[in-house]
1. Taking the beta-carbon count within 10 Å as an exposure proxy, list 88, 41 from fewest neighbours to most.
2. Considering Cα pairs under 8 angstrom that are at least six residues apart, work out the relative contact order of segment 352-425 and quote it in whole percent.
3. Quick check: from the Cα gyration tensor, does segment 13-116 come out rounded (a/c under 1.5), prolate or oblate?
4. Taking neighbour Cβ counts within 10 Å as the exposure measure, how do 221, 208 sort from fewest upward?
5. Can you give the % of DSSP beta bridges in the chain that are antiparallel, to the nearest 5?
6. Helix-only mean residue ellipticity at 222 nm, the chain, DSSP H runs n ≥ 4 weighted -39,500 (n - 2.57), per residue, nearest 500. What is it?
7. Which of the peptides 418-430, 193-205, 13-25, 233-245 is most tightly packed, and how do the rest follow, going by the mean number of other Cβ atoms within 10 Å of each residue?
8. Which whole-number percentage describes the relative contact order of segment 192-337, with Cα contacts under 8 Å and a sequence gap of 6 or more?
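Please treat every number below as a calculation from the coordinates, not as lab data. As the structure is a prediction and not an experimental result, all values here were calculated from the model. Here the Cβ is made from the backbone with ideal geometry for all residues, glycine too, and neighbour counts use every protein chain on show.
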Ligand SMILES: Cc1ncc(COP(=O)(O)O)c(C=O)c1O
């Protein structure tokens, strides 16, 4: 009991992500154990992890194979400075990674987190143009709903505004934003397919107005999480690819969430059939067993502009102390092996499709279904107050956030926004565990509806 009291008291020494700590400290969620898809807090209460931590723990918690790989690596060498060397395991991991990335994307910069990956990608794009005869190309274009990380450059690319972003302004110059592909509530008020994917075509409109000779890259999440797990029409990707090629603008996919098996393939690039020039991976790369992220570029970009003699001084002028850390690399390698051996991507697809079909049925019955969308093991349900007119719940009602509190009490963790809730359980989740999640979810939503009636 003393330990529990001490932990509960001492949590105030921390600042958690985007948490009002005064409120969190009143009833902190302190996890002491995790196995499979279950987390256990210090009071012994069990939670179903319906969002893989936060789109991270794809192979599930406590995987013995991954733990053993880390232990073995720890005993041999735990740190090698990327400034002057690399570990054998890091090279083996990089080679393995090239076997699952789309073709030509084989040159990898390893780092520790998603924001470092997107920052690296944007810096790489700028330096690439600088060293390939187009030094005026520096602007980065992104979508308004995109989230690309919490550091200043990544935040400048992130499109969501609001008070949370405003407190850090002003942001870096040279970042522009476009309305996203969002068919459920199209920013242009159009319908797919008669819209003729205007959202993609607007990229060209912007490039022409901005002057494409000033634009280095377009960065996009294949499925925007903060937008509400938006699934663009498949043609969107070929259209933006063609526009980028025409204007010599590098296409960056931020696959921090969609990568590593989440959308039914190793990467959303494969799910949608169109490759980027630069791929950013994080979160699921080492499944949360160690901090690990990567920026992967097409070989041709690296070899044409960065590969040279010392005197040319053209290396990628960027680095982080923990990049390619041997422990993280060992974890990443073991994670890929587990996913292959246990065929986790197809398991994730099966369970994801099942969750979507159940949500469709249950939310319709409750009369608040806006849309169920997703791909593979990444699903979202958007609520509406009125199904006929698709009118959203008023922001002031904070519907999804209120549901989140109820779910937590009932032992289910999901990604909850005021207007939508995301499901992204570990890829090891079974159909009966998915049923348990949906059942608790439906109870939580029903209770909240009754409470408000
Ligand atoms: C799409 C996307 N990009 C980048 C990031 C930043 O990753 P990190 O929090 O590891 O820095 C996130 C984090 O949630 C993300 O969802």
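1. Values: 88 13, 41 16.
By the 10 Å Cβ count, ascending, the order reads 88, 41.
2. Working: 113 pairs, mean separation 20.2, N = 74.
Normalised by residue count, the contact order of segment 352-425 is 27 percent.
3. Values: a/c = 2.00, a/b = 1.83, b/c = 1.09.
The shape class here is prolate.
4. On the way: 221 28, 208 10.
Ranking 221, 208 by Cβ neighbours within 10 Å, fewest first, gives 208, 221.
5. Numbers: 31 of 48 bridges.
Roughly 65 percent of the beta bridges in the chain run antiparallel, per DSSP.
6. Numbers: 16 runs with 180 residues, N = 453.
Value at 222 nm, helices only: -12000 deg cm²/dmol.
7. Details: 418-430: 25.2, 193-205: 16.5, 13-25: 10.3, 233-245: 18.5.
Result, highest mean Cβ count within 10 Å first: 418-430, 233-245, 193-205, 13-25.
8. Details: 177 pairs, mean separation 25.3, N = 146.
Once normalised by length, the contact order is 17 percent.
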